[in-house]
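This report refers to the structure that appears directly beneath it.
The values are calculated or read from the model by the stated rules, or taken from the named source; none is laboratory data. Keep in mind the model is a prediction, meaning the values are calculated, not measured. Every residue, glycine as well, gets a Cβ built from its backbone with ideal geometry; the counts of neighbours run over all protein chains shown. The accessibility values were calculated without ligands, DNA or RNA, using every heavy atom of the protein model including side chains. Shrake-Rupley method; radii C 1.70, N 1.55, O 1.52, S 1.80 Å.
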Amino acid sequence: PSTGQYTLLVQDSNLTGTGKYTFSLARLNSPCNAQPLGCGTSANGQVNGALRMTSFSVDAQAGDVYLVRLLRTGNGSGFVPRVEVYAPGTGSQVLTLSSSDLASSTFTAPTAGTYNLIGFDGSDGTQSGTFSIWLARLNRPCDGASTLGCGALTPGSITQALQSGMFSYPTTAGDSFTASSHSGIAPLHT
């Protein structure tokens, strides 16, 4: 509630036991040593040991809608990457996403500021492993999004896991569109 030095007291639950312990501390409303995430680009994360975490950040405007994708990239059998997204100011949680393989979800930024994304082991907090995370703003195209022309072909390429081609197109109420894709990867989803 106020600026100053706070004290954390660690003790046995019944005050009679002894033993070793480990704890971790993360500031939720203002990222610690966070790697900035670019809109529409992926980043790699690594968790090395119990209670370890990796922190990412993204700047958002109030009302921005983000698509987040999470992919476990290592073969660690027990590691399940989990990412939690926290709002600036209050530190309230706006998204939880975990996956033993691949997952995606969206969140809407309730306020403007820097959002904190914390990645860690979601199975039991003790596993080590690697993951990739990708984030894109859906309501305002990311910088570099190509504008589609009516009836024109638009080439693109996917060069890394989780990546997507991002395009925008102008519309008028009542317009009707069809979109097609030809590639060696997967069908187009709109």
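Tabulated values for the structure
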item	result
Selection count, the stretch 89-99, where residues are within 15 Å of the chain's Cα centre (by Cα) and either in a loop (DSSP other than H, G, I, E, B) or not hydrophobic (A, V, I, L, M, F, W, C) (or both)	4
Matching option when the condition is farther than 18 Å from Leu97 by Cα and open to solvent by less than 30 Å² (accessible area, probe 1.4 Å), among Gly63, Gly74, Gly49, Gly17	Gly49
Of all residues making up the stretch 100-116, the number that are more than 18 Å from Leu138 (Cα to Cα) and part of a strand (DSSP E or B)	2
Positions within the stretch 102-131 being more than 22 Å from Ser30 (Cα to Cα) and among the hydroxyl-bearing types (Ser, Thr, Tyr), in sequence order	Ser104, Ser105, Ser123, Thr126, Ser128, Thr130
Filtered residues of the stretch 46-57 (kept if touching an Asp or Glu at 6+ places or on another chain (Cβ under 9 Å) and β-branched (Val, Ile, Thr))	Val47
Condition met for Arg27 (surrounded by 14 or more Cβ atoms within 10 Å (Cβ to Cβ) and of a type in the set (D, E, K, R))	no
Tally, over the stretch 16-42, of residues that are in contact with a Phe, Trp or Tyr (Cβ under 6 Å, 6 or more places away or on another chain) and either in a loop (DSSP other than H, G, I, E, B) or touching a residue at least 24 places away in the same chain (Cβ under 8 Å) (or both)	4
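So that you can scan it fast, the table gives a plain yes or no per residue for (1) surrounded by 13 or more Cβ atoms within 10 Å (Cβ to Cβ); (2) at pLDDT below 90; (3) out of contact with any Asp or Glu (no Cβ under 7 Å at 6 or more places or on another chain):
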{"site": "Ala103", "(1), (2), (3)": "yes, no, yes"}
{"site": "Thr114", "(1), (2), (3)": "yes, no, no"}
{"site": "Ser132", "(1), (2), (3)": "yes, no, yes"}
{"site": "Ser146", "(1), (2), (3)": "yes, yes, yes"}
{"site": "Gln160", "(1), (2), (3)": "no, yes, yes"}
{"site": "Gly165", "(1), (2), (3)": "yes, yes, yes"}
{"site": "Pro187", "(1), (2), (3)": "no, yes, yes"}
